[in-house]
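What follows is a set of notes on a single structure, which appears directly below.
The values are calculated or read from the model by the stated rules, or taken from the named source; none is laboratory data. Because the structure is predicted, anything quoted here is derived from the model rather than measured. Here Cβ is always computed from backbone atoms with ideal geometry, including for glycine, and neighbour counts include all displayed protein chains.
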Amino acid sequence: MKAERINVTESVLQYLTGHIQSGQWAVGSKIPSENQLTERLGVSRASVRVAIQQLIGVGVLESVHGKGTFLRDDRVETLLTGASQITPADCADIRAVLQFRRILEPEAAALAAKNATKAQIGRLHELTGRLPALRGQKSEFVRCDMAFHEELCRASGNHLLVKSLHEVFEQTVRNHEQLTQRFGEQDALFFHPMILNAVEVHNDNLARALMQAHILQNYDKV
């Protein structure tokens, strides 16, 4: 079943990249919605979402809250090829992963407090509001948690930060699921709203400090 789902997701990804490479979707244009793609391709919405998130993660697509998903960069082959540099072996040590995040994410949060657009803040509100309803649903909770952190990096305005965190997250979903199962969901539920508030009021020092504390909580437990 798992292999079948991966193949479906890959087929959706091929459909999306094919339309981009052929020029059927121009840079800046809105691509079909998840519902439209689900109906058009006859696949699950989850498979469509995973494929779209992969392209968002490498900077090909951009999700705009309340408006849809847009083509940001048509260099899809180059960006996807460059997105596979970090391997599972690189991320085997979860403490090393959390050390990496302690270095990267507090500064990303501070930059987000300075640079976040209204659409990005809206997306962060959406993810923060969705998280409590996912309690007890390990995989869905972790995916939503990670999406918040990736969106915060995206709001920093620095594509290298987005790409770096996305690559690490792609290799550590199971590690983070294990952390959530072992230590609970409270840290994300506690810190995400406060980090979002700091970003929304453009308090970069507070956003940095809260993100540092958030990741340190997990690091100290491992």
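Structural remarks
- The single condition among (1) within 23 Å of LYS221 (Cβ to Cβ); (2) touching a residue at least 24 places away in the same chain (Cβ under 8 Å); (3) more than 14 Å from the chain's Cα centre (by Cα) that ALA147 does not satisfy is (3).
- Candidate set: region 138-177, residues that are at pLDDT 85 or above and not in a helix (DSSP H, G or I); chosen: the one nearest to ALA110 (Cα to Cα): SER156
- Residue count for region 42-70, restricted to those that are assigned to a helix (DSSP H, G or I) and β-branched (Val, Ile, Thr): 4.
- Residues within region 91-134 that are surrounded by 18 or more Cβ atoms within 10 Å (Cβ to Cβ) and not in a helix (DSSP H, G or I), tallied: 1
- Check on VAL173, surrounded by 20 or more Cβ atoms within 10 Å (Cβ to Cβ) and without any contact (Cβ under 8 Å) to a residue 40 or more places away in the chain: no
- Counting only residues that are more than 15 Å from LYS67 (Cβ to Cβ) and of a type outside the set (Phe, Trp, Tyr), region 17-34 holds 10 of them.
- Leading residue by the ranking (surrounded by the fewest Cβ atoms within 10 Å (Cβ to Cβ)) among those in region 32-51 that are within 16 Å of the chain's Cα centre (by Cα) and farther than 19 Å from GLY122 by Cα: ALA46
- Region 181-207, residues that are at pLDDT 80 or above, within 15 Å of VAL142 (Cα to Cα) and either touching a His at 6+ places or on another chain (Cβ under 7 Å) or assigned to a helix (DSSP H, G or I) (or both): GLN186, ASP187, ALA188, LEU189, PHE190, PHE191, HIS192
- Neighbours by Cβ (under 6 Å, 6+ apart or cross-chain): first from region 180-208, under 18 Å from THR117 (Cα atoms) and in contact (Cβ under 8 Å) with a residue 40 or more places away in the chain; second of a type outside the set (A, V, I, L, M) and surrounded by fewer than 18 Cβ atoms within 10 Å (Cβ to Cβ): ASP204/LYS114
- Complete set of residues in region 1-32 that are at pLDDT below 85, assigned to a helix (DSSP H, G or I) and aliphatic (A, V, I, L, M): ALA3, ILE6, VAL8
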